[in-house]
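Report on the following structure.
The values are calculated or read from the model by the stated rules, or taken from the named source; none is laboratory data. Keep in mind that this is a model prediction, so the values were computed, not measured. In this analysis, Cβ positions are derived from the backbone assuming ideal geometry, glycine residues included, and neighbour counts consider all displayed protein chains. Only protein heavy atoms, including side chains, enter the accessible area calculation; ligands, DNA and RNA are left aside. Shrake-Rupley method; radii C 1.70, N 1.55, O 1.52, S 1.80 Å.
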Amino acid sequence: MSDTDDFPRRAFLKGSLALAAGALLPTTAWASTMNPTPRRPVIIDTDPGQDDAIAILFALGASDRLDVRALTAVAGNVPLDLTERNARIIRDWAGRTTTLPVYAGCPRPLVRELVTAANVHGKTGLEGVTLHEPLAPLAPGHAVNYLIETLRAAAPHSVTICSLGPLTNLATALTEAPDIRDHLSEIVLMGGAFFERGNITPAAEFNVYVDPQAAQIVFSSGVPIVVLPRDVAVKAPITPARIAPFRTLGTRCGTVVADIMTAEVAYQKGRHGVEEAPMYDPTATGYLIDPTLFKGRQVNVEIETTGEWTLGETVVDWTGHSGRAPNALWINEVDADGFYAALRANIANLP
Ligand code: BDR
Ligand code: CA
């Protein structure tokens with residue numbers, strides 16, 4: 001019997017979970033030389049979001065590699081009341097209703113007004129799929145408090161944060177409790193654009209543009225960062241041929257993934273006339289599951305927080321010209337076929 005099936009007979013998981021110590025991944029090496037670490041403790045910070053949903057399911061299907069402890073929701077693609085609700089729906093799809101707490105976090109960026117992407121992801125944020133009423137409530141407490149308390153209770157350098165949305169929750173936690181830095185193993189985030197231009201403005205990618213001040217705090221935190229930018233998203237595009245194997249799984253999650261991808265491709269076709277869509281957030285969970293599929297370079301990344309035309313731009317010193325110290329591993333290559341094979345294999349582990 002799945003977690004979802006026996007939900008009414010179980011007490012809802014309360015409070016934060018004590019996090020087990022996990023091994024470190026060397027972040028100074030090229031990604032392709034790194035070995036995946038089994039059962040990495042991960043907290044996913046997210047604004048679901050169509051691609052967030054696929055990314056979360058990908059991570060939950062990889063329970064041999066990733067120990068996903070919680071989802072923390074933030075405002076982004078749609079307002080917070082929808083992102084936290086969608087996060088609870090996604091865990092239901094994965095059969096994790098009672099074993100994966102969802103915390104609601106910040107309802108708006110640190111400084112700016114919230115800009116959403118409801119035009120892309122639909123009014124609900126999960127265009128393309130039929131949504132049910134979530135089977136269980138939010139976990140009590142604010143996501144930022146959960147992050148602070150959980151990280152403080154964790155072993156040094158043991159927890160990975162996977163960020164799939166604006167960085168508001170994480171920046172707030174790092175500002176309120178700078179000591180949590182020492183408990184983080186790595187921050188693996190989808191955001192930014194360098195070799196590709198922006199997708200919300202000519203200069204900026206959506207997640208960084210929505211809360212550039214938060215991104216600046218995170219990039220200057222000193223925590224090892226891995227960036228899965230737009231540059232890599234466009235190198236693993238979703239196409240009808242890549243969607244078909246998910247539909248043939250014939251499972252609930254396989255169908256959800258196929259339906260969402262179909263809606264993403266339809267949007268791009270309507271807008272740009274091409275039958276393919278960038279693969280965004282799942283590259284971040286994909287990196288955690290199998291970093292050997294990716295390559296990148298240690299670089300300095302600064303965030304434009306004041307530019308009139310360039311707000312939210314990620315300024316990447318690819319050649320080391322500035323002399324500024326590297327603060328992130330910037331991924332710019334992906335084995336796209338290997339990525340889709342890994343995605344399908346892990347979605348196939350779910351109901
Ligand atoms: C990012 O923006 C959001 O719309 C997606 O969910 C993804 O996290 C891509 O720019
Ligand atoms: Ca997202």
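Any idea which residue in segment 293-351 is surrounded by the most Cβ atoms within 10 Å (Cβ to Cβ), counting only those that are assigned to a loop (DSSP other than H, G, I, E, B) and polar (S, T, N, Q)?
Selected residue: 327.
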Within the set of pairs 6+ apart or on separate chains, which have a first residue in segment 73-88 that is under 20 Å from residue 191 (Cβ atoms), a second that is acidic (Asp, Glu) and buried (at least 24 other Cβ atoms within 10 Å of the Cβ), and C-beta atoms under 6 Å apart?
73/84; 74/47; 76/47; 77/47; 83/47
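Are any of the residues in segment 211-228 β-branched (Val, Ile, Thr), within 27 Å of residue 123 (Cα to Cα) and within 17 Å of the chain's Cα centre (by Cα)?
For segment 211-228, residues β-branched (Val, Ile, Thr), within 27 Å of residue 123 (Cα to Cα) and within 17 Å of the chain's Cα centre (by Cα): absent.
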Taking segment 154-210 and the residues there that are in contact with a strand residue (DSSP E or B) (Cβ under 7 Å, 6 or more places away or on another chain), away from ligand 2 (no atom under 15 Å from the Cβ) and in a loop (DSSP other than H, G, I, E, B), the one that is most open to solvent (accessible area, probe 1.4 Å) would be 195
Checked segment 164-204 for anything over 19 Å from residue 315 (Cα atoms) and of a type in the set (S, T, N, Q); matches are 168, 169, 172, 175, 185
Which one of 143, 118 is surrounded by fewer than 18 Cβ atoms within 10 Å (Cβ to Cβ) and within 16 Å of ligand 2 (Cβ to nearest atom)?
118
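Go through 78, 68 for me and flag whichever is β-branched (Val, Ile, Thr), modelled with pLDDT of 95 or more and more than 13 Å from ligand 1 (Cβ to nearest atom).
Working: 78 fails: more than 13 Å from ligand 1 (Cβ to nearest atom).
Step by step, each of 78, 68 is checked, and only 68 is β-branched (Val, Ile, Thr), modelled with pLDDT of 95 or more and more than 13 Å from ligand 1 (Cβ to nearest atom).
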Search result, residues across segment 53-76 that are of a type in the set (Val, Ile, Thr) and assigned to a helix (DSSP H, G or I)
54, 56
Of all the residues that make up segment 123-133, how many are within 14 Å of ligand 2 (Cβ to nearest atom) and farther than 17 Å from residue 93 by Cβ?
0
